[in-house]
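What follows is one structure encoded as structure tokens, with my remarks underneath.
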Amino acid sequence: MQLCSTGLLAFLVILPHFCWSQYAAPPGDQIWEVEGEIGLVTTMLQDKGLVDILDESRSRKIIRVGLKNSIDVKFILLQHKLTYKILVKDLASYLKEKDGKTIKTRSITCTDLSCPQPLSDAYMTLDQIEWYLKELNISHSSRVNVTSIGKSIEGRDIWLVHIRPLKCRVDGAVWIEAGIHAREWIAPAVILQLIPKLLEDCSRIGYLDIFIVPMANPDGYLYSWTTNRLWRKNRRINNNTSQVGCDGVDLNRNWDYKFGLFASSNPCSETFHGASGFSEPETKALSDAMIAVSRDYNLLMVMAFHSYGQFILHPWGWSTEEAPDTPMMISRATLWANATKKRYGTVYKVTSTTVGLYAASGATDDWAKAVLQVKYSYTVELRDEGTEGFVLSPNQIVPSSEEVWDGMKILLTAVGPGDYIYL
Ligand code: 0X9
Ligand code: ZN
């Protein structure tokens, strides 16, 4: 089913699922687990645009294979003496079934064109996110400014929430990004939950200027609701190809630092880096706004929220060399991970991207570290560790947000000039 018109959607917002299919997938898509001495074979398959790697952790390689590519993929795996197991035979029906099992009772927080609070028991539509941000701007006008930092490739606003310090003393600024990858719904959901918590907090966090982009890739997010739940990139139409599935640029490969080093030049790949560094309006808008913040404020930390895997990653993603301030980044990330673990026992691994995950260049964190020279630069991979992966159930929004808030309270206190307390 397709997205309803905004008016009808607004009317039906308390009757969700009649109008939306949250979990659509192209017909014939399957999920496979590749087994054996894999090496770089799955990376090569992704670079060729033949598969989408869903899980690239040390222990397993889970890939999404489209109908039109499955014969080629089977052939290449066979050539490399690799075997595979089909985990999901028909992704579309699997997602439909999962959607059916999702609790249907949503709180009536959002009514016609209005969301006074972010939803905690359901993922918010793009419209709902925008209604919430607009209301926040009015209801908290003394402390909050919501402005558009630019437009996406399809012309949607990219919103920046600036929470000004509560106290007259100012310690510095922090930048938080979420939603650069469309399918990672838990990231914007958690960051939206943090906004009211930050506003209610009376601790030292109130000394900071906090800049938040809750939805960095609005077109991709909308597309992941309407057409393909596992869409990752933005919605650029790559004219050089007429093949299905070959649109979009991976915005986390498009930042203009070590551009193109560990990313794909193939538009059909899920990690296509785009034509050039900052070729995409979304990364251009984000980086311009971050440059302005670092010029006007003492920018202490940049955090980009993603899913999944439960990591707090520090640079570099392009090299195994140590980035400047690595011991301090590890120390603060460990504070965050320990605090985040306390409530529910959720373990977040602290590691550099290349050491603990894989090499990938052109991402927010590396650019912020190298170009803005922020002391603390992180990518957080939220819940889970692969059980539900990108299709994390909405009942995970509250516990994920609670534990992340526990970590943020410590981290935001620890990164300011008073951070000697935690040495
Ligand atoms: O690959 C990514 O862009 C991030 N992982 S995700 O599964 N959410 O796609 C990790 C980015 C880590 N940072 C760098 N590679 N610099
Ligand atoms: Zn991501």
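The values are calculated or read from the model by the stated rules, or taken from the named source; none is laboratory data. As the structure is a prediction and not an experimental result, all values here were calculated from the model. Because the Cβ atoms are built from the backbone with ideal geometry, glycine has one as well, and the counts that use them run over all protein chains shown. These accessible areas exclude ligands, DNA and RNA; they are computed on the full protein's heavy atoms, side chains included. Shrake-Rupley method; radii C 1.70, N 1.55, O 1.52, S 1.80 Å.
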Please specify each residue of the range 221-237 satisfying the condition of being free of Cβ contacts under 8 Å to residues at least 60 places away in the same chain and either more than 14 Å from ligand 1 (Cβ to nearest atom) or assigned to a helix (DSSP H, G or I) (or both). Tyr223, Ser224, Ile237
Failed item, numbered, when Asn228 is tested on (1) over 19 Å from Val144 (Cα atoms); (2) in contact with a helix residue (DSSP H, G or I) (Cβ under 8 Å, 6 or more places away or on another chain); (3) within 16 Å of ligand 2 (Cβ to nearest atom): (2)
Find the residue count for the range 74-87, including only residues that are crowded, with 18+ Cβ neighbours inside 10 Å and closer than 26 Å to Leu392 by Cβ. 1
Does Arg343 satisfy being in contact with a helix residue (DSSP H, G or I) (Cβ under 8 Å, 6 or more places away or on another chain), open to solvent by 10 Å² or more (accessible area, probe 1.4 Å), within 19 Å of Arg183 (Cα to Cα) and in contact (Cβ under 8 Å) with a residue 12 or more places away in the chain? no
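From the list Val65, Val41, which residue is over 30 Å from Glu200 (Cβ atoms) and touching a residue at least 40 places away in the same chain (Cβ under 8 Å)?
On the way: Val65 fails: touching a residue at least 40 places away in the same chain (Cβ under 8 Å).
None of the others qualify; the one that does is Val41.
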If we keep just the residues of the range 187-197 that are touching a helix residue (DSSP H, G or I) at 6+ places or on another chain (Cβ under 8 Å) and farther than 23 Å from Glu388 by Cβ, which is nearest to ligand 2 (Cβ to nearest atom)? Ile195
Test of understanding: among Glu200, Glu184, Glu154, Glu135, which residue is in contact with a Leu (Cβ under 9 Å, 6 or more places away or on another chain) and away from ligand 2 (no atom under 16 Å from the Cβ)? Glu154
Residue under question is Val249, and the condition is that it be within 16 Å of ligand 2 (Cβ to nearest atom) and within 20 Å of the chain's Cα centre (by Cα); does it hold? yes
(1) free of Cβ contacts under 8 Å to residues at least 40 places away in the same chain; (2) open to solvent by less than 40 Å² (accessible area, probe 1.4 Å): which one isn't true of Ser139, the others all being true? (2)
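Suppose we filter Thr354, Thr340 for residues that are more than 29 Å from Thr42 (Cα to Cα) and not small (Gly, Ala, Ser); which single one remains?
Details: Thr354 fails: more than 29 Å from Thr42 (Cα to Cα).
Step by step, each of Thr354, Thr340 is checked, and only Thr340 is more than 29 Å from Thr42 (Cα to Cα) and not small (Gly, Ala, Ser).
Here are some residues: Thr364, Thr413. Which one is in contact with a Phe, Trp or Tyr (Cβ under 9 Å, 6 or more places away or on another chain), modelled with pLDDT under 95, open to solvent by less than 30 Å² (accessible area, probe 1.4 Å) and under 24 Å from Lys197 (Cβ atoms)?
Numbers: Thr364 fails: modelled with pLDDT under 95.
That would be Thr413, the only listed residue that is in contact with a Phe, Trp or Tyr (Cβ under 9 Å, 6 or more places away or on another chain), modelled with pLDDT under 95, open to solvent by less than 30 Å² (accessible area, probe 1.4 Å) and under 24 Å from Lys197 (Cβ atoms).
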For residues in the range 116-136 being open to solvent by 20 Å² or more (accessible area, probe 1.4 Å) and of a type in the set (S, T, N, Q), which is farthest from the chain's Cα centre (by Cα)? Gln117
Answer from Tyr223, Tyr207 - the residue that is open to solvent by 10 Å² or more (accessible area, probe 1.4 Å), more than 21 Å from Asp55 (Cβ to Cβ) and within 16 Å of ligand 2 (Cβ to nearest atom): Tyr223
Output the qualifying pairs, or none if there are none: Cβ atoms under 9 angstrom, residues six or more apart or on different chains, first residue in the range 150-178 and in contact (Cβ under 8 Å) with a residue 40 or more places away in the chain and at positive phi, second residue open to solvent by 70 Å² or more (accessible area, probe 1.4 Å) and not in a loop (DSSP other than H, G, I, E, B). Gly150/Lys284; Gly150/Asp288
So which residues in the range 294-336 are open to solvent by less than 10 Å² (accessible area, probe 1.4 Å), among the aliphatic types (A, V, I, L, M) and more than 16 Å from ligand 2 (Cβ to nearest atom)? Met301, Ala323, Met329, Ala333
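Do we find that Phe259 is open to solvent by 40 Å² or more (accessible area, probe 1.4 Å), within 16 Å of ligand 1 (Cβ to nearest atom) and under 17 Å from Asp47 (Cα atoms) in this structure?
On the way: open to solvent by 40 Å² or more (accessible area, probe 1.4 Å): yes; within 16 Å of ligand 1 (Cβ to nearest atom): yes; under 17 Å from Asp47 (Cα atoms): yes.
Taking the combined requirement at face value, the residue satisfies it.
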Please work out which one of (1) surrounded by fewer than 18 Cβ atoms within 10 Å (Cβ to Cβ); (2) within 16 Å of ligand 2 (Cβ to nearest atom) is the condition Val371 fails and give its number. (2)
Can you tell me which residues in the range 144-191 are open to solvent by less than 10 Å² (accessible area, probe 1.4 Å), among the small types (Gly, Ala, Ser) and farther than 16 Å from Tyr223 by Cα? Gly172, Ala173, Ala178, Ala187
Taking the range 239-256 on its own, how many of its residues are away from ligand 1 (no atom under 12 Å from the Cβ), open to solvent by 10 Å² or more (accessible area, probe 1.4 Å) and not acidic (Asp, Glu)? 7
With respect to the numbered conditions (1) surrounded by fewer than 22 Cβ atoms within 10 Å (Cβ to Cβ); (2) modelled with pLDDT of 95 or more; (3) of a type outside the set (A, V, I, L, M, F, W, C); (4) more than 11 Å from ligand 1 (Cβ to nearest atom), which one is the sole condition not fulfilled by Thr387? (2)
